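Student: The structure under discussion is supplied below as structure tokens; questions concerning it will follow.
The values are calculated or read from the model by the stated rules, or taken from the named source; none is laboratory data. Everything quoted here is computed from the prediction, not taken from an experiment. Counting neighbours? That spans all protein chains shown, and the Cβs are built from the backbone with ideal geometry, glycine included.
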Amino acid sequence: MAPRSQRDLSLSVLWITLCALTGGLACAGTLGITDEMLNMVAGQYGRRARGRIIDWQNTVARHQSDSELVKLNVVNSFFNRNQFVSDAEHWQMSDYWATPIEFLSTRGGDCEDFAIAKYITLLALGIPDEKLRITYVKAIRLDQAHMVLTYYETPRAIPLVLDNLDKTIRPASQRPDLKPVYNFNGNGLWLAKMRGEGQKMGAPEELNMWRDLIIRLKRERGTQ
């Protein structure tokens, strides 16, 4: 992920409740994948891409009753087997937030795509939204902005980090290479801290990159 200014970072993390906008795409127990969507994927990306979407759907169905820790590991491993590709190379755009279907169909994406796909999938597996945060960090060794998914077992717990750079899920306290900046979910935006919720910045009101992503999610579902 390319470095971005503090202003761009602030604008790009504005959020709105996922389930309300997508008509339940990521609500517990379903991904909302239809035969029409699978046929669309096959027509645009080929049969193997269709198979990867079916694998995603089956993974969610198979692990519904597992513990939250198992779900975290399953989802982290499932998406981390895909390739990191910059937006400039992959989409010929400076910044593009892919839907999970676009990400899986093309077998690659940047750090934002990994984090968003994991977030949506864990919601579908029944993990409460308040336990999950999309988290912007500074990757110190790379000296650039980066995005991960974090999981809070309790509101003040040290979060677990689901990352595409370090593929092992670790507590944030064991990731000195990451400096948290902001995190967000369907309930709001926070100034990130290593422990607990941090300082809430308020509910998001502007959509920016997320609005574009939601439009494409709806189109995939045939609801727009």
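Student: Suppose we filter region 99-139 for residues that are part of a loop (DSSP other than H, G, I, E, B), free of Cβ contacts under 8 Å to residues at least 60 places away in the same chain and closer than 21 Å to ASP166 by Cα; how many remain?
Tutor: 1
Student: Name the pairs whose Cβ atoms lie under 6 Å apart, with the first residue in region 164-184 and of a type in the set (Gly, Ala, Ser) and buried (at least 17 other Cβ atoms within 10 Å of the Cβ), the second assigned to a strand (DSSP E or B) and at pLDDT 95 or above, and 6 or more positions between them or separate chains?
Tutor: Correct list of pairs: ALA172/VAL161.
Student: Report yes if some residue within region 26-36 is within 30 Å of GLN144 (Cβ to Cβ) and either in contact with a strand residue (DSSP E or B) (Cβ under 7 Å, 6 or more places away or on another chain) or of a type in the set (A, V, I, L, M) (or both); otherwise report no.
Tutor: As a first pass, look at region 26-36 and keep what is within 30 Å of GLN144 (Cβ to Cβ): 26.
If we keep only those that are either in contact with a strand residue (DSSP E or B) (Cβ under 7 Å, 6 or more places away or on another chain) or of a type in the set (A, V, I, L, M) (or both) too, we end up with 26.
Yes, there is a match, as at least one residue in region 26-36 is within 30 Å of GLN144 (Cβ to Cβ) and either in contact with a strand residue (DSSP E or B) (Cβ under 7 Å, 6 or more places away or on another chain) or of a type in the set (A, V, I, L, M) (or both).
Student: Among all residue pairs at least 6 apart or on different chains, which show Cβ distances below 8 Å where the first residue, located in region 78-91, is in contact (Cβ under 8 Å) with a residue 40 or more places away in the chain and the second is part of a strand (DSSP E or B)?
Tutor: PHE84/GLY108; PHE84/GLY109
Student: Just to be sure I understand, how many residues within region 91-125 are on the phi > 0 side of the Ramachandran plot and touching a Gly at 6+ places or on another chain (Cβ under 7 Å)?
Tutor: 0
Student: Any residue at all in region 132-140 that's in contact with a Cys (Cβ under 8 Å, 6 or more places away or on another chain), within 23 Å of ASP95 (Cα to Cα) and of a type in the set (A, V, I, L, M)? Please lay out each step first, then the result.
Tutor: First, the residues of region 132-140 that are in contact with a Cys (Cβ under 8 Å, 6 or more places away or on another chain): none.
Within region 132-140, none of the residues are in contact with a Cys (Cβ under 8 Å, 6 or more places away or on another chain), within 23 Å of ASP95 (Cα to Cα) and of a type in the set (A, V, I, L, M).
Student: Against the definition (more than 18 Å from LEU149 (Cβ to Cβ), at pLDDT below 95, under 14 Å from the mean Cα position of the chain (by Cα) and not acidic (Asp, Glu)), how does TYR96 come out, yes or no?
Tutor: yes
Student: Out of all the residues in region 97-126, which are closer than 22 Å to ALA42 by Cα and surrounded by fewer than 19 Cβ atoms within 10 Å (Cβ to Cβ)?
Tutor: ARG107, GLY108
Student: Please work out if ASN76 is loosely packed, with under 13 Cβ neighbours inside 10 Å and of a type outside the set (Val, Ile, Thr).
Tutor: Against the criterion (loosely packed, with under 13 Cβ neighbours inside 10 Å and of a type outside the set (Val, Ile, Thr)), ASN76 does not qualify.
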